[in-house]
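Okay, so here's the structure we're looking at.
Bear in mind these aren't lab numbers, they're just calculated from the coordinates by the rules spelled out. Worth saying up front: this structure is predicted, and the values here are computed from it rather than measured. We place every Cβ from the backbone using ideal geometry, glycine too, and count neighbours over all the protein chains shown.
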Amino acid sequence: MQARYRGSVPQELKMRLLREERAGRLDIILDEVAEASYKDSQIYLTLNHGSTVADRVLLATGFHATPPGIHWLNETIEKEHLQCATCGYPIISEKSLEWGKNLYVIGALSELVVGPVARNISGARRGAERIVSQLI
């Protein structure tokens, strides 16, 4: 089994954004919005690490790079000698989502195989179909 690499911004888009930032036409701020308001055609954002005012804002979602629940999983990973990719996510069977003997994962923990939809209802359905097909 091999782990897939997590998704990211396509290289072409990343380069275009960086060009716009260097030209002074775009500010890229990596932070979380704590509060937002709109007044006199301006957007006021209070961020976790500062604040900013703009006439336009593009927000992107994301999540922490570590798998959810990794703290309580660490003991099981060590005890059962479960394989993990360098990013910490499980290396699981492409066909069945099996991580260890009779241990299957679904949701965010299956993301390297199922893809970005793993975290939503569509991904849960895809994951369940793979697991059930191996059990019957």
(request) Evaluate E = 1/(1 + (r/R0)^6) for Asp55 and Gln11, where r is the Cβ-Cβ distance and R0 equals 30 Å; express this FRET efficiency to the nearest 0.05. (result) 0.55
(request) With a point put 7 Å past each Cα toward its Cβ, work out how far Ser93 is from Trp72 in nm, to one decimal. (result) 2.6 nm
(request) Rank Ser122, Ser93, Ser41 by mean-square fluctuation in a GNM of the chain with C-alpha springs under 10 angstrom and give only the top-ranked residue. (result) Ser41
(message) Need the full-extension length gain, Glu21 to Ser41, defined as separation in residues times 0.36 nm minus the C-alpha distance. One decimal, nm.
(response) 5.0 nm
(message) Computed from the coordinates I sent, Cα Rg over 2.2 N^0.38 Å equals one of (1) 1.14; (2) 1.66; (3) 1.40. Tell me the label.
(response) (3)
(request) Check the straight Cα-Cα distances from Lys14 and name the aspartates and glutamates below 15 Å, setting aside those fewer than 8 residues away within the same chain. (result) Asp27
(request) Could you point to the residue in Leu59, Leu45, Gly115 farthest towards the positive end of the chain's charge dipole, with +1 and -1 charges on the Cβ of Lys/Arg and Asp/Glu respectively? (result) Gly115
